[in-house]
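Worksheet: the structure to be examined is printed underneath.
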Ligand code: ARG
């Protein structure tokens, strides 16, 4: 419900247009200043009157039909106090049927995220791209977009030459079949440890054979990729993420020629030491190498080819890349090249980059290598959650489900609640704690709402009754402020979507939960001595529950009914 528009309707002041008034009316910062304020200073010149006088005149023009309780002129401001009861009941009414995402706007967005290099395990760093990408995808869906989730896997280049060569030299089929990704990784790590000129040149040879789809080598490469891919799928499945496309870098390897031809014919390209380059130094971007002197393609060239393919396939209105801040220069170059090539999608590209996500030194043991793996982080969170709920009176299945839902959400929320660009530290105790700015706290609030509503069922209170009278002034103020906060929800979601900044929504949910929990402590919600009040309270609880259930999935927080 747009309270500001309703307020505007009650002003019948002819010397100013609705638009002029609309532009200046703001939400009051302090409660004793009312709900909205209109500063009248800027009208003084044109209306040849003092701001005070203007405020007074506007005040006299107001229709007082119950919506506005009173208006006060204070130092050139007109402060509006809405009738809390009237507005609260109207708001409750408007929230009665829950919250729904926007209707389709017929627009298409492609989001390139997760995009792991298959030569490596998914590690802690992949939490950021994966979860931020997914949350942005959900925000776009919420706004009515058709979203295509693209996992542009790194399945191209020398690492695979090394891997396949290591397999041929030291590996065997049975071991790989039995141990899957671990065996492949061990072979790769062994190669990297023993790497020398001779091994390298062998790996290059194999790499070339993979590119040429050699009859003997290519099937081995395909097999290795298949195993690595299903490992990535298994992990993504655990966090509930499903991609529409897994087309990786290698898919574009034989689509380089048109890109190279285009760069040449556009006049942008130059040959430098045998390589094809575009000099972007006048844009402060340095040089972009399009084709190496040995003919090999490059990351940026494959990205150019992928873009062309994606535009033809999806006809996207927006294309978003989610990667670490370290890739900024790459994407600036890519976007500049598209602009210079006058691509129809040049102004539809966006790079959503993020800061580093890490654990405090030595805190989470990695099963393999130096860096904690994606799953190490998940397991650490799940372990903590399990400790916390062992004594609860729940079945084993219930506990297992809670551990999964709370653990995964806790890691996700640790990423999403902080500004995208900032570095983040994953502290498992903090992230899984029930109090503090955490997802378990949010889930707990939802569970509390569910439990209240369940109890209400046994108390046989019909919460769809007509509005009852509410006597207690104090609790009414709290209800009113909670409802007004909920009324801001869609504006907040829009802002998170527009800026691709999940922390805006995270902050809002946390504040809402805090306000609700304070309310819960301050009043007795289920008070059978006071059924009328209880009915209103329960409608509020239901509204909060609906709002949480609507927002939590946008931040990859799983819903729980009990905790
Ligand atoms: N595979 C890359 C990496 O792990 C990320 C790919 C991002 N997407 C892209 N279209 N370049 O660093």
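Could you list all residues from the stretch 277-290 that are without any contact (Cβ under 8 Å) to a residue 40 or more places away in the chain and surrounded by fewer than 22 Cβ atoms within 10 Å (Cβ to Cβ)? Hits for the stretch 277-290 are 277, 279, 281, 282, 284, 287, 289. Of all the criteria given as (1) touching a residue at least 40 places away in the same chain (Cβ under 8 Å); (2) in contact with a strand residue (DSSP E or B) (Cβ under 7 Å, 6 or more places away or on another chain), the one not satisfied by residue 103 is (2). Restricting attention to the stretch 292-316 and to residues that are within 12 Å of the ligand (Cβ to nearest atom) and surrounded by fewer than 17 Cβ atoms within 10 Å (Cβ to Cβ), the residue that is nearest to residue 280 (Cα to Cα) turns out to be 299.
Test residue 158 against the criterion of being within 16 Å of the ligand (Cβ to nearest atom), at negative phi and out of contact with any strand residue (DSSP E or B) (no Cβ under 7 Å at 6 or more places or on another chain), and give yes or no. Yes, satisfied. In this structure, is residue 421 surrounded by fewer than 18 Cβ atoms within 10 Å (Cβ to Cβ), at pLDDT 95 or above and under 30 Å from residue 371 (Cα atoms)? Yes, satisfied. Here is the figure for the stretch 236-248: residues that are surrounded by fewer than 20 Cβ atoms within 10 Å (Cβ to Cβ), in a helix (DSSP H, G or I) and touching a residue at least 12 places away in the same chain (Cβ under 8 Å) total 1. Looking only at the stretch 41-63, decide whether some residue is closer than 19 Å to residue 491 by Cα, surrounded by 16 or more Cβ atoms within 10 Å (Cβ to Cβ) and in contact (Cβ under 8 Å) with a residue 40 or more places away in the chain. The answer is no, given that none of the residues of the stretch 41-63 is closer than 19 Å to residue 491 by Cα, surrounded by 16 or more Cβ atoms within 10 Å (Cβ to Cβ) and in contact (Cβ under 8 Å) with a residue 40 or more places away in the chain. Report whether or not residue 251 is assigned to a helix (DSSP H, G or I) and within 16 Å of the ligand (Cβ to nearest atom). Spelling it out, residue 251 is indeed assigned to a helix (DSSP H, G or I) and within 16 Å of the ligand (Cβ to nearest atom). Scanning the stretch 317-353 for residues that are crowded, with 22+ Cβ neighbours inside 10 Å, more than 10 Å from the ligand (Cβ to nearest atom) and within 22 Å of the chain's Cα centre (by Cα) turns up just one, 320. Against the conditions (1) within 23 Å of residue 208 (Cα to Cα); (2) surrounded by fewer than 19 Cβ atoms within 10 Å (Cβ to Cβ); (3) within 16 Å of the ligand (Cβ to nearest atom); (4) in contact (Cβ under 8 Å) with a residue 40 or more places away in the chain, residue 259 satisfies every one except (2).
The values are calculated or read from the model by the stated rules, or taken from the named source; none is laboratory data. Not measured: the values here are computed from a predicted model. Neighbour counts run over all protein chains shown; Cβ positions are idealised from the backbone, glycine included.
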